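Novice: The structure under discussion is supplied below as structure tokens; questions concerning it will follow.
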Amino acid sequence: MELNAADSADRALHRALREALRPPVLPTDFRAQLRRQLVMQSASMQQQAVLQQEWQCTQARLRAESVQLRWQTLLWLLGGAFAAGAVTMAVMPWVASHYGARWSYGVPVAVATLGLVASWVGDPRVRRLLAQSGFFGA
Amino acid sequence: MTVDAHTDDAAILALRAQGRLDEALVRLLDQYEARVYRLCRAFLRDASWAEDVAQQSLIRIWKGLPGFDGRAALSTWIYTIVRNRCNTALRSRRVDSAGEDALDACADAQVADPSAVDAAALLARVVHSLPDKYRLPVVLYYFEEESVSAVAERLGCPEGTVKTNLSRARRELRARLNAMGLGDWTLWN
């Protein structure tokens, strides 16, 4: 008897739950809205792809320019070194004959020292250190 | 998971791979949009919130479909994504859940005149006051045509676990209804 009552209660609860928990119906414009969102997202993804492509092109161009600049610098250095050698060859005999043999060493050493100090001072890290130490003044 | 469902899943994947995107999308939505929405409703309770999360989930599923590796069934993969989305949504809104807790607390109150209450609404409220472990199987069971295997698939757990939780949930429901003075089963006929 008790078992039957429990069964009846179970069945009643089952029926009541079936009534209370009806499957929800999909909103009418669900699919249309989803499609709109997909279109929007795909447009934004396309835009992103275009921007990414542009960025990659810019990167490639900058890399090519940087390589070109390095070659240019190397050639400038070689040219400068040979030009300096040629000038030294031409000028040194004149310096030696007018100011003595000692000056034919002094002038190149002075010019080389000047160049090294100038490049050293031009280094941003050294400039920062000098600025911090107050070398350039307030 | 029936043979038809497997065939449909294979068709969706094949259409997507062939670049027939529109057909693949229609097939995917025909097959899963209502199920995804019902799963979201079961998790989140709120209709518009569930709609938002279902849409996000379906977008995520559509975008991720080319990367689907087929190690699990497509449906398993889809329901995992939906469950994760729902759990993330729930975590992000947990701080705002004080209102819902208050609503749940109403379900524990004594009902003065049982004949005057809207039985279905009240029962739904009592169901929603159950812990998720019991609430989800019960809600999904009735949402999914009373199929234990469908509930197990949606929740990603064995059928035995679903059956156990369903039985415990019913016991808990009866206890709560008794506590509210609604234990007389004739009320529910």
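The values are calculated or read from the model by the stated rules, or taken from the named source; none is laboratory data. Because the structure is predicted, anything quoted here is derived from the model rather than measured. All Cβ positions, glycine included, derive from the backbone under ideal geometry; neighbour counts span all protein chains shown. With ligands, DNA and RNA removed, areas are computed over all heavy atoms of the protein, side chains included. Shrake-Rupley method; radii C 1.70, N 1.55, O 1.52, S 1.80 Å.
Novice: What is the packing order of peptides B:169-176, B:33-40, taking the mean over residues of other C-beta atoms within 10 Å and listing the highest first?
Specialist: B:33-40, B:169-176
Novice: Angle between the Cα long axis of helix A:2-20 and the longest principal axis of chain A, 0 to 90 degrees, nearest 10?
Specialist: On a 0 to 90 degree scale, this one is about 50.
Novice: Helix-only estimate, please: 222 nm mean residue ellipticity of the protein assembly as shown, summing -39500 (n - 2.57) across DSSP H runs of length 4 or more and dividing by its residues, to the nearest 500.
Specialist: My calculation for the protein assembly as shown gives -27000 deg cm²/dmol from helical runs alone.
Novice: A follow-up question, please. For chain A, just say rounded, prolate or oblate: build the C-alpha gyration tensor, square-root its eigenvalues into a ≥ b ≥ c, call rounded for a/c under 1.5, and beyond that prolate if a/b exceeds b/c, oblate if not.
Specialist: Prolate shape, in that a/c is at least 1.5 and a/b is the bigger ratio.
Novice: Another question, if that's okay. Compute the whole-percent fraction of alpha carbon pairs in the protein assembly as shown spaced more than 38 Å apart.
Specialist: Cα-Cα pairs in the protein assembly as shown separated by more than 38 Å: 49 percent.
Novice: Follow-up. What does the charge add up to near B:ARG27, with Lys and Arg as +1, Asp and Glu as -1, over the other residues with Cβ less than 10 Å from its Cβ?
Specialist: -3
Novice: When the accessible area of chain A is computed with all protein chains present and a 1.4 Å probe, what percentage of it is carbon and sulfur?
Specialist: 66
Novice: Residues of the stretch A:36-126: accessible area per residue at 1.4 Å, in Å²?
Specialist: 87
Novice: Need one number: buried accessible surface between chains B and A, 1.4 Å probe, both sides summed, DNA, RNA and ligands left out, in Å² to 100.
Specialist: Summing both chains' loss of accessible area gives about 3000 Å².
Novice: Still on this model: How far is it, in nm, from the label point at A:ASP29 to the one at A:TRP120 when both lie 7 Å from their Cα along the line to the Cβ?
Specialist: In this crude spin-label approximation the distance works out to 7.5 nm.
Novice: Can I ask one more? With every atom except the alpha carbons ignored, what do you get for Rg and Dmax of the stretch B:6-66, in angstroms?
Specialist: Just the Cα atoms of the stretch B:6-66 yield Rg and Dmax of 12.4, 38 Å.
Novice: Next question, about the same structure. Using only the Cα atoms of the stretch A:79-134, build the gyration tensor, take square roots of its eigenvalues as a ≥ b ≥ c, and label the shape rounded, prolate or oblate: rounded if a/c is under 1.5, else prolate if a/b is larger than b/c, else oblate.
Specialist: Judged from the Cα gyration tensor, the stretch A:79-134 comes out oblate (a/c at least 1.5, b/c at or above a/b).
Novice: Which one, B:ALA169, B:ALA10, B:PRO131, projects farthest toward the positive side of the charge dipole computed for the protein assembly as shown from Cβ point charges (K/R +1, D/E -1)?
Specialist: B:ALA10
Novice: Take peptides A:69-78, A:10-19, B:121-130 and line them up by average Cβ neighbours within 10 Å, highest first, as a rough protection proxy.
Specialist: B:121-130, A:10-19, A:69-78
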